Amino acid sequence: MRVSKQYIETIIDSIDEPIVCLDQELTLFFINNEALSILNLRREDAVGKSAQEIAMRNDLLRRLLVGMDGSKAQESEDKKAEPLKIYADNKESYFQVKYLPVRMTASDGSIRESGTVIMLKNITEFHKLDVAKTTFISTISHELKTPISAILMSQQLLADNRVGGLNPEQKELSDSIRENGERLLSITGELLNMTQVESGVLQLKPHITKPIELIDYAIKANQVQADKFHINVEVDYPKEKISKLYVDSEKIAWVLTNLLSNAIRYSSENDRVIIGALQQDEHHIILYVQDFGRGIDPRYHESIFERYFRVPGTKIQGSGLGLSISRDFVEAHNGTLTVESELGKGSKFIVSLPV
Ligand code: ADP
């Protein structure tokens, strides 16, 4: 038993990632060299001592113990924990923390928890790459906006009869320049929004807003597309009084515009689409967009809110970003964005916002 313990300790000590083992009473009974180094502890001051006592003088260990309680509470929720940020030697490092419960089988066959292994994975390099990616996307999208706007401006002049008439073929080409230019502009807008969320600079400028104003904005922004596909956009708005919202109207109007654009794009010609609002309860308003199009397989109901995810087989062009940014925008307002959808019957995207 002793020998096998030594073997295991030698292996764990040789691992480059920090590992800390605690028993049920939170006594630190094993810690590898890497963990000693980032916790700034000496082996003789740590092994066999109470982790809670050491944590009183050691901020990082304290954060790990707090995270351990949190991880137990979250165990059933399957949420990804935020990386742990550590300042040491004048630089920032990022670690992903895993808490592994150690379970033992007693002689009567019952299973009991006998401790916890805390494993840290250094993800600083990935974090740096992620930040570089976000900055790169942000710069590129920003730089692209000006030339695309200039192309659209020239197209507008070209299409204006005062400059000279276009024959039908030229008009078709000019319309195609406009459509594709607008698409490019909307993609760069989506990318910029995404980088705002990812770099944590998303700033909300809330105003008191009537829900109908947001709905009207989304309809206007999608009118051309709706006409093109002969989609009838119906408004479902309560006759009785409805609470006003205190939201960043630009952001929530963007969400509704995006949901309505999806509803139109993923419907068949001549279908109808409903956009509406209702008082959910005293403290919440629901804004929703419902279509009667292709619907979404239940197994994708969560993945569609992930970055770049598109339901396999989706032929209509898109970036897979709209819904993930929409959810971020709504959650930044302490709201929720959910979907109810059945294949072949259509989809309903529901935004619930506190008033
Ligand atoms: P995009 O539409 O640009 O691909 P989104 O994030 O808005 O990106 O949507 C992600 C995916 O979810 C889409 O690619 C599509 O497969 C699916 N989806 C979104 N809205 C609808 C809808 N109203 N009906 C059917 N499928 C939809």
The strands (runs of 3 or more DSSP E) lying entirely within the stretch 247-355 that contain at least 1 residues which are over 29 Å from residue 130 (Cα atoms) and either in the same structural domain as residue 137 (by TED's automatic domain parsing) or within 8 Å of the ligand (Cβ to nearest atom) (or both) are 284-291, 336-342, 346-354
Note on the stretch 203-216: residues open to solvent by less than 40 Å² (accessible area, probe 1.4 Å) and among the hydrophobic types (A, V, I, L, M, F, W, C) are 214, 215
Exactly one of 316, 285, 296, 275 is buried (at least 19 other Cβ atoms within 10 Å of the Cβ) and over 15 Å from residue 214 (Cα atoms), and that one is 296
Across the stretch 17-35, the tally of residues that are more than 15 Å from residue 98 (Cβ to Cβ) and open to solvent by 50 Å² or more (accessible area, probe 1.4 Å) stands at 4
Selection from the stretch 7-28 of residues polar (S, T, N, Q) and not in a strand (DSSP E or B) yields 10, 14, 24
Exactly one of 240, 179, 190, 213 is in a helix (DSSP H, G or I), charged (D, E, K, R) and more than 16 Å from the ligand (Cβ to nearest atom), and that one is 213
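The values are calculated or read from the model by the stated rules, or taken from the named source; none is laboratory data. Fair warning: this is a prediction, and the values are worked out from it, not measured in the lab. For neighbour counting, all protein chains shown are included, and Cβ atoms are generated from backbone atoms with ideal geometry for every residue, glycine included. The accessibility values were calculated without ligands, DNA or RNA, using every heavy atom of the protein model including side chains. Shrake-Rupley method; radii C 1.70, N 1.55, O 1.52, S 1.80 Å.
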